[in-house]
Amino acid sequence: MVTIGNVDRGAVMARSEIMDRGAGDDVASRFHFTREMIEGSIYRKYEKAIRGIWNPKDLDYAQDAADWQRIDEVKQRGLLGVTVRFLAGEQAVTDELVPMLAAAHALRRYDWTMFLSTFLMEEAKHSEFFMLWHDRVVGVLEPDEVAAHFLVRSKTVDPTGRFEVKDVLHEALPRYGGLLMDAVAGGRQAEIEAAFVQFSAAYNGFAEGVLTMPSYEIVIDTTLMWDAFPTLREGFRRILADEGRHITFGTAATRMLIEKTPSLERLVHQVFDEYRGNLVGLVEYQKAVPGLDLQKYQTMKVRHYRNRCREMGITPDQTLIEQILDPDIDFVVGVEAG
Amino acid sequence: MARAWRCLEAGCEALITAPDDEQLVAAVNRHVGEVHQSFELEEVILDAAEDAAEA
């Protein structure tokens, strides 16, 4: 993966030849605000993020800590299977966002850069929320303590062998992020835009926008079913408000790029096709809490997928929808932790 | 101008309308909650909301 700091002189020179940022005599190019920009949808999301800033340290974790002590070990193991995934996932999406910022800079989208500054801060804050919750409620924080509760993906298999369940956050995002950084270093606008569409499809469209949405509802429904963990539920409510902006930023940016270059739509479908196995069934941590109506969480993926396609202005893959709804497609799940 | 949002839950396609964006967000979440036992994010609703002749 090419990083900003590793870009060689030749690449920088090539970039300056291809995408002249006009830092010479064109003084006006040093200013980025326009009336059109500050009236646009992305800038509105930036303003909304600034108005909605919250602090995980302002939440009171005492009731959740008391609730943790009163539920049995089966419930503890089930809930922790999901929350530990969020703890790892929020750190992954924080760590993997930089390529999008680099692309916004290269494409001279200052409104995207401004919004992404709130996006990155919010993802870091979400990881802080889960760190605090696990420390203050469960009493685990160090990597080896939380890793012991991480449900292992290799134990989730499709018995028919048709689909493979992959690790989107820790495999797809670094890989597509690396491709986007390579494109930014190359400096060719069309390649940056194509790589941005791929990365955003994986990050905002697939991971945030479809795969994770049922997991939020699983945790919220669990806290309501058990009449417990009010701060976990409140944290999820606030995180979801942030995530709504993140998802729709990515899909709106992708829509703009696809409207400019319609052939980019196929890249979105390629990403979803590559990780199809993660959507057609529920994976291990989504089945960890006993007593939930799991079919509801599988069915709702169709709404989230069709929402993302509508936002991106692309045609949904009807076969994927049919596979998501097919009751015969289900995974055998091992719930061993560690 | 009224605002409208179409529910894309599998097999639904309900069109929800309201006099403005704020009331549309509330109306959509009433629908998604009552019919699908779920919820929808405010930004998702606002991004796909369209003008409608009347609520």
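The values are calculated or read from the model by the stated rules, or taken from the named source; none is laboratory data. The structure presented is a predicted model; accordingly, all values stated were derived computationally and were not measured. Neighbour counts run over all protein chains shown; Cβ positions are idealised from the backbone, glycine included.
Which residues, counting only those in region B:11-29, are surrounded by 13 or more Cβ atoms within 10 Å (Cβ to Cβ) and either within 14 Å of chain A (Cβ to nearest Cβ) or under 27 Å from residue A:325 (Cβ atoms) (or both)? Passing the criteria: B:12, B:14, B:16, B:21, B:25, B:27, B:28, B:29. Listed by first and then second residue, the pairs linking a residue in region A:232-260 that is farther than 30 Å from residue A:80 by Cα and more than 10 Å from chain B (Cβ to nearest Cβ) to a residue that is buried (at least 20 other Cβ atoms within 10 Å of the Cβ) and hydroxyl-bearing (Ser, Thr, Tyr), with Cβ atoms under 9 Å apart and 6 or more places separating them unless they lie on different chains, are A:253/A:200; A:254/A:200; A:257/A:200.
Pairs linking a residue in region B:24-36 that is touching a residue at least 24 places away in the same chain (Cβ under 8 Å) to a residue that is surrounded by 14 or more Cβ atoms within 10 Å (Cβ to Cβ) and acidic (Asp, Glu), with Cβ atoms under 8 Å and 6 or more positions apart or on different chains, are B:32/B:9; B:32/B:40; B:35/B:9; B:36/B:9.
Output the helices (runs of 4 or more DSSP H) that fall wholly within region A:201-287 and possess 3 or more residues being β-branched (Val, Ile, Thr), or say none.
Numbers: elements: A:213-225, A:230-260, A:265-274, A:277-280.
Of the helices (runs of 4 or more DSSP H) lying wholly inside region A:201-287, those with at least 3 residues that are β-branched (Val, Ile, Thr) span A:213-225, A:230-260.
Okay, residues lined up against (1) surrounded by 16 or more Cβ atoms within 10 Å (Cβ to Cβ); (2) under 16 Å from the mean Cα position of the chain (by Cα):
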site	(1), (2)
A:101	yes, yes
A:110	yes, no
A:118	yes, yes
A:131	yes, no
A:142	no, no
A:163	yes, no
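Which of the residues that make up region A:269-282 are over 13 Å from residue A:298 (Cα atoms) and within 15 Å of the chain's Cα centre (by Cα)? Correct list: A:271, A:272, A:275. Return a yes/no flag: does region A:293-306 have any residue that is more than 12 Å from chain B (Cβ to nearest Cβ) and within 25 Å of residue A:89 (Cα to Cα). Taking every residue of region A:293-306 in turn, at least one turns out to be more than 12 Å from chain B (Cβ to nearest Cβ) and within 25 Å of residue A:89 (Cα to Cα).
Here residue A:311 does not qualify as within 14 Å of another protein chain (Cβ to nearest Cβ) and farther than 24 Å from residue A:246 by Cβ. Among the residues of region A:34-93, those identified as surrounded by 13 or more Cβ atoms within 10 Å (Cβ to Cβ), more than 14 Å from chain B (Cβ to nearest Cβ) and not in a helix (DSSP H, G or I) are A:54, A:59, A:61, A:71.
Summed over region B:41-55, the residues that are in a loop (DSSP other than H, G, I, E, B), more than 8 Å from every other protein chain (Cβ to nearest Cβ) and modelled with pLDDT of 95 or more give a count of 1.
Only one of B:18, B:48, B:52 is closer than 21 Å to residue A:243 by Cα, aliphatic (A, V, I, L, M) and touching a strand residue (DSSP E or B) at 6+ places or on another chain (Cβ under 9 Å). Can you tell me which? None of the other options fit; the residue is B:48. Taken together, the criteria place residue A:106 among residues that are surrounded by 20 or more Cβ atoms within 10 Å (Cβ to Cβ), of a type in the set (Gly, Ala, Ser) and in contact with a Lys or Arg (Cβ under 9 Å, 6 or more places away or on another chain). When region A:314-323 is limited to residues that are outside any loop (DSSP other than H, G, I, E, B) and of a type in the set (Val, Ile, Thr), the one that is nearest to the other protein chains (Cβ to nearest Cβ) turns out to be A:321.
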